[in-house]
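Below is one structure; the comments refer to it alone.
The values are calculated or read from the model by the stated rules, or taken from the named source; none is laboratory data. Here the structure is a predicted model, which is why all the values come from computation and not from measurement. Backbone-built Cβ (ideal geometry, glycine too); neighbour counts: all protein chains shown.
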Amino acid sequence: MHRRTLLISAAAAALPLGAHASYPAQVFTPALWRDLREDDRAVIFNYRASWSLTCQIKAELIADALAENPDYQRLSFVDIDWDTFGQSQLTQRLKVKRRSTLLVMKRGKEIARLENEPYARRVRALLDMALTA
């Protein structure tokens, strides 16, 4: 067994079925997108799928970062369901190619992106960029 496969299998075994990391996030709707384009705050879009282990790990990392750094509480998070919006015009316009993508958006423009990298250091670096945007 490859090391990566072993690590992912171990992580999957450690997560209870149906477990979701909790962090404050709004659920994406087209109406919400219209409102966010007018807002001066940075918003983190989290393209995720409920069935994806990588997405679950990334959500846990976000929740852990929020618990450890109170400054991250000022950020806004929006969960975008990949199964619903993965083929949408917005997703195509933003050039999101896969689930497990985090985008930092401000006034409708992309500031930073993290694709399929469920690593605490990378997630925290993205959240730090969002704080300074």
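Looking at ALA65, ALA59 in this structure, which one is in contact with a Leu (Cβ under 7 Å, 6 or more places away or on another chain) and in a helix (DSSP H, G or I)?
ALA65
Just one of ASP40, ASP35 is under 21 Å from LEU102 (Cβ atoms), modelled with pLDDT of 80 or more and assigned to a loop (DSSP other than H, G, I, E, B); which is it?
On inspection, the qualifying residue turns out to be ASP40.
Table: residues versus (1) closer than 21 Å to TRP33 by Cα; (2) of a type outside the set (Gly, Ala, Ser); (3) in a strand (DSSP E or B); (4) modelled with pLDDT of 95 or more.
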{"residue": "ASP83", "(1), (2), (3), (4)": "yes, yes, no, yes"}
{"residue": "VAL96", "(1), (2), (3), (4)": "yes, yes, no, yes"}
{"residue": "ARG121", "(1), (2), (3), (4)": "no, yes, no, yes"}
{"residue": "ALA125", "(1), (2), (3), (4)": "no, no, no, yes"}
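Any residue in segment 63-85 that's under 13 Å from ASN46 (Cβ atoms): show its pairings with residues that are among the basic types (Lys, Arg) and in a helix (DSSP H, G or I) at Cβ separation under 7 Å, as long as the two are six or more apart or on different chains.
ALA65/ARG124
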